[in-house]
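Undergrad: First the structure, which I've put down as structure tokens, then a few questions once you've had a look.
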Amino acid sequence: MVWVSPLKAADQAASPPQPVTAADAAGPAAVLHAAPRPVPEGAKQEDWPRFLGSRNTPVSGETGILQDWPESGPPMVWEMPKGSGYASPAIAKGKLVLFHRLKENETVDCLEPESGKRLWSYSYPAPYRDDFGYSDGPRAGPVIENGRVYTFGVTGWLKCLDLADGKVVWEVDCQTKYDMTKNFFGAGSSPLVHGPLVLANVGGGDGQCVVAFDKATGAEKWIARHEWGQSYASPIPAPWHGQDRVMFFTGGKSDPAIGGLLVIDPEQGKIESNYPWRARRYPSVNASTPVLCGNDHVFITQSYVDRGHPQNGGVMLKSDADGKLSEVWHDPDFGCHFMTPVYDAGHLYAFSGEKERQCDLVCYDATTGKRLWRERMEWEYHSPEGRTIPMGLYRASLLKVGSRFLCQGEWGTLCWLDLTPQGAKRSSTAQLFTAQQTWTLPALSHGLLYVSQNEDDRLSAKPARLICYDLRASAATTSNTASPAAAAAAPGSSPSTPSPAAPPTPASENAKPEEKPQ
């Protein structure tokens, strides 16, 4: 029997939603612990304007970054209680934008990045309830571009706000206009601002898969129609063969389960090529963002185990001069749940596995598809309260910074990883908190790291928070340097649910699909 959850009337947002008063909009204020260190002389700094940053891949070009910290972790600058949701913050032009849910309202908070001081707040009703019991907040991260903030909420409201004061510039109720279904976890794919357009994986009725809007006015520019619907993977630009293209890894709630990669010409909205890649399981989604590997290769992956199905795990695709996609290799065991793999110097590094205790850190040769190693990162954590708790990285996130990899574990672990084709080494491991669903990729900007704790801490009972850590190296610390091979190499060019009284037990060992943070 196939389970289908109709979109209930109670889940329909009003059109348009009435803005919430300032008193109701503002959540708790941030607590400032200590001012961050000065930026090291000569250090390179970057904004982080959307999920995956300005490069649309989990790679940072920042230097002058702290390389070691004690078991307590790097210095905390400030912390602020946050609402529900999995959206990654965006930082640009001296402002940080957090998109989350407070009470019944989706809320956009604009903060000072170095102090957490709230500059403005905008909220609107978003009456959504998750059918699987996960967070009711937004999944898609905000985008900052040219003085505007773009958000795509869990109920399908696409908003454009003024970065200076939070006033609404334009808004579109995509749920109503494009007949969006609730999907498994609501809307969850981050929008992409590309040239004069805002692109969104709407996945509406009548094949309204991807819609382009004028970024200045919100006017509809085109609709790319395809039977594959809404996913939880964020779109990326793909400048292949001198052509301007964008990629959407689609596939959400459908019976039969269908989805795959769409390559679209953003000028006309024409689908140039497509490649089916989706598990046959009804309760499954595509959620890992595509990874460009050189000038004409792209890697896509999904983790829902579907033995015997040819579209299981990960696949490396190549585009010819006409844009046609063809398979180079695939591995049914290379399945990322929602993290974005990192392509570095001809190799792919990722956490592969559907469920928490089945997830391993892997390294693959991007040219041949050969797995070079697989390691499960687990250990015993000795808490300050004197408890010994099984701990691991599990379904973690990777952020490449210079020649090293910053890793955020699923239960709140932060560490440095040194990853090479020969193996992995973990160092500077700190348990920042003990809270599951730490699925949001941290944001690194101007030497400060922003970490989302999405659930209450199981040991300290501290509520969900956005925490800012100081990763600016002191004058006596060696700065991190960028790896030139990482940016240039293409395939073939490689250089040499627990209680506080019990240890955490993963709540993900059931058959439910997981939330997909973006």
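Undergrad: Pull out all pairs, ordered by first then second residue, where Cβ-Cβ is under 9 Å, the residues are six or more apart or on different chains, the first lies in region 415-441 and is of a type in the set (Lys, Arg), and the second is surrounded by fewer than 16 Cβ atoms within 10 Å (Cβ to Cβ).
TA: LYS425/ASP418; ARG426/TRP379; ARG426/ASP418
Residue-by-condition table, conditions (1) under 18 Å from ASN201 (Cβ atoms); (2) touching a helix residue (DSSP H, G or I) at 6+ places or on another chain (Cβ under 6 Å); (3) open to solvent by less than 40 Å² (accessible area, probe 1.4 Å):
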position: TYR134; (1), (2), (3): no, no, yes
position: CYS160; (1), (2), (3): yes, no, yes
position: TRP170; (1), (2), (3): no, no, yes
position: THR176; (1), (2), (3): yes, no, no
position: ALA187; (1), (2), (3): yes, no, yes
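Undergrad: Hand me the list of strands (runs of 3 or more DSSP E) wholly inside region 240-323 holding 3 or more residues that are crowded, with 24+ Cβ neighbours inside 10 Å and in contact with a helix residue (DSSP H, G or I) (Cβ under 7 Å, 6 or more places away or on another chain).
TA: Fully inside region 240-323 and qualifying: nothing.
Undergrad: What about VAL342, is it among the β-branched types (Val, Ile, Thr), closer than 19 Å to GLN302 by Cβ and open to solvent by 40 Å² or more (accessible area, probe 1.4 Å)?
TA: Answer is no for this residue.
Undergrad: For region 66-91: of the residues being open to solvent by 40 Å² or more (accessible area, probe 1.4 Å) and assigned to a strand (DSSP E or B), which is farthest from ASP109 (Cα to Cα)?
TA: Result: MET76.
Undergrad: Please tell me if LYS95 is under 30 Å from GLY294 (Cβ atoms), surrounded by fewer than 23 Cβ atoms within 10 Å (Cβ to Cβ) and among the basic types (Lys, Arg).
TA: Considered against the rule, which asks whether it is under 30 Å from GLY294 (Cβ atoms), surrounded by fewer than 23 Cβ atoms within 10 Å (Cβ to Cβ) and among the basic types (Lys, Arg), LYS95 comes out as no.
The values are calculated or read from the model by the stated rules, or taken from the named source; none is laboratory data. These numbers were taken from a predicted model, which means no experiment stands behind them. Please note: Cβ atoms are built from the backbone with ideal geometry, for glycine as well, and neighbour counts cover all protein chains shown. Heavy atoms of the whole protein, side chains included, go into the accessibility calculation; ligands, DNA and RNA do not. Shrake-Rupley method; radii C 1.70, N 1.55, O 1.52, S 1.80 Å.
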